[in-house]
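The values are calculated or read from the model by the stated rules, or taken from the named source; none is laboratory data. Owing to the predicted nature of the structure, the values given are computational and were not obtained by experimental measurement. For accessibility, only protein heavy atoms count, side chains too; no ligands or nucleic acids. Shrake-Rupley method; radii C 1.70, N 1.55, O 1.52, S 1.80 Å.
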Amino acid sequence: MKKIRHSINLVLSAMIVALGFGSCVSQQKYKEALTEIEQLKGQNANLNAEKDALYNENAKLRGDLEKALDYKKKSEQRKVVYGPRPTEFNEKINQ
């Protein structure tokens, strides 16, 4: 009985020691993972800021495009000196 208890204590002690040494490596990997996560969060924040800047620029360009298209449409209407535009005239004939 004494030998069994002694061997069980020896096995449990060996497991505790092994887990203790293993945790050092796990702790280092955990710290490395945390630093990598922080770096990725920083990159994510930079990419979000860049995305927002591009979104704002895109919205501005869309507004400029709409203004240009409106101006083009109005300038085409101004070209006709008398009567309706030819396309409108065609539509009235086909009716």
Would you check the accessible area of Met15, probe 1.4 Å, heavy atoms only, in square angstrom rounded to 10?
110 Å²
Please calculate the 1.4 Å probe accessible area of Asp52, with all protein chains present, and give it to the nearest 10 Å².
80 Å²
Heavy atoms of Ile4 accessible to a 1.4 Å probe, total area in Å² rounded to 10
100 Å²
Lysines with Cα under 26 Å of Lys51, excluding same-chain neighbours fewer than 8 positions away:
Lys41, Lys60, Lys67
